[in-house]
Amino acid sequence: MPYFVYILQCADNTYYTGITTDMKRRLKEHNGKVKGGAKYTRVRTPVKLVYSEQHLNRSAATKREYEIKQMSRNEKRIIIDMDYLVFVQNGIKRSPKKIDPRFDPVRYNGNNHPYLGMPTSEKHKLASAFKKQFPDILVDNLIELLDKLNRGNTFEEKTIGPFILMKYPKFIHQIQPEQLGKWLGNLEGWCEIDTLCQSTFPPEAFLDNWETWRKALTKWSKDNQIAKRRASLVLLCKSVGSSDDPRLKNLAFENIDRLKSEKEILITKAISWILRSMTKNFKHDVKEYLDKSDGSLPKIAVRETRKKLETGRKN
């Protein structure tokens, strides 16, 4: 039997939170139309339902009811209004920060976006809190939120989106290259690019819509924006390491060939990364490729990949 946690807005604009298995009857009780209700709402009628969420059992519903009752009026207002952006921005502001005075975020992250010092562990926590708060968000609303975060000013806003997206795995397959390309256009430096591309997309996301993604990744490998050129490699790193589908391997080698003459560290390191990722499922192919292309590949890529082949480690 499902249980519902609900918030009522009373006639005096105060809120009342409760749980029930029959939302329609409970609302009638609170409005005095049938016997029941609560002392608090009885003197504040009429009341109206402004928010509800479903839980599988009474224990989970009771725990959630307690959490909502601890919230301030403004926090309740956020979930009632489904103001996803405010929820995330407030979470960023309130999260513990860790800034080492010796750390230069501009030099390390490769961009000039304001850095607040939110640790990765706190991003995971905020993403989990968001999923708990909004378990039934629609994909269009989630993409709209990710758009807004991607256009944000701070490093934290630009990098929290992928953490949230990964909490909704069924939506990842619905992200199209056009959308991802737009996000990449607002990112700078390896850290922002890799946070979006490194682990977010499983191989199935590409293979189930192969021609669309193949064309996009090929196009990005020729793009003027270095973020897209790096993404054309980094997006495949997880996939070639977890899938032995030859389409992934072939596209990876094609993009490497197209980019191997570049000297930018964002590209040379990405080439090394994807070659090392391929050693798990395509060890023989990687060895042959190195033997054939040794002189034309970035030296760091050759060195690190040969070390990976010999020892299983990068260094």
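Throughout, read-outs are computed from the coordinates displayed, never taken from laboratory work. All of these numbers come straight from a predicted model, not from anything done at the bench. Here the Cβ is made from the backbone with ideal geometry for all residues, glycine too, and neighbour counts use every protein chain on show.
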Relative contact order of the chain, defined on C-alpha pairs under 8 angstrom at six or more residues apart (%):
10
For the range 177-315, the dipole about the Cα centre with charges only on Cβ (Lys and Arg +1, Asp and Glu -1), to the nearest 20 debye, works out at 460
Mean Cα-pair separation over length for the range 1-81, i.e. relative contact order, pairs under 8 Å, 6 or more apart, %:
36
At a Cα cut-off below 15 Å, give the aspartates and glutamates reachable from LYS249, other chains included and same-chain residues fewer than 8 away excluded.
GLU204, GLU211, ASP257, ASP285, GLU288
According to the square roots a ≥ b ≥ c of the eigenvalues of the Cα gyration tensor, what is the shape class of the range 217-315, taking rounded for a/c under 1.5, prolate for a/b larger than b/c otherwise, and oblate for the remainder?
oblate
Under 20 Å from LYS63, Cα to Cα: aspartates and glutamates that are on another chain or at least 8 residues apart
ASP22, GLU53, GLU75, ASP136
Treating the angle as unsigned and between 0 and 90°, give the value, to the nearest 10°, between the Cα long axis of helix 246-259 and the longest Cα principal axis of the chain.
70
Among VAL88, VAL106, what is the fewest-to-most ranking by other Cβ atoms within 10 Å?
VAL106, VAL88
Label-point separation in nm, THR21 to ARG258, each point 7 Å along Cα→Cβ:
5.9
By the Cα gyration tensor axes a ≥ b ≥ c (a/c under 1.5 gives rounded; else a/b larger than b/c gives prolate, otherwise oblate), the shape of the range 1-81 is oblate
Multiply the residue gap between ARG77 and ALA129 by 0.36 nm, knock off their C-alpha separation, and tell me the result in nm, one decimal place.
17.1 nm
In the set (i) 19.8; (ii) 22.4; (iii) 20.4, which value of Kirkwood radius over Cα pairs in Å was calculated from the structure you see?
(ii)
Distance violations [Cα-Cα > 18 Å] among LYS48/LYS76; LYS158/LYS269; LYS93/LYS123:
LYS158/LYS269
As a quick test, which of the pairs LYS167/LYS222; LYS148/LYS215; LYS125/LYS308; LYS238/LYS283; LYS98/LYS308 have an alpha carbon distance above 22 angstrom in this structure?
LYS167/LYS222; LYS148/LYS215; LYS125/LYS308; LYS98/LYS308
Subtracting the Cα-Cα distance of ILE99 and SER293 from 0.36 nm times their residue separation yields 65.6 nm
Given the rule -39500 (n - 2.57) for each run of at least 4 DSSP H residues, summed and divided by the residues of the chain, what is its mean residue ellipticity at 222 nm, to the nearest 500 deg cm²/dmol?
-18000 deg cm²/dmol
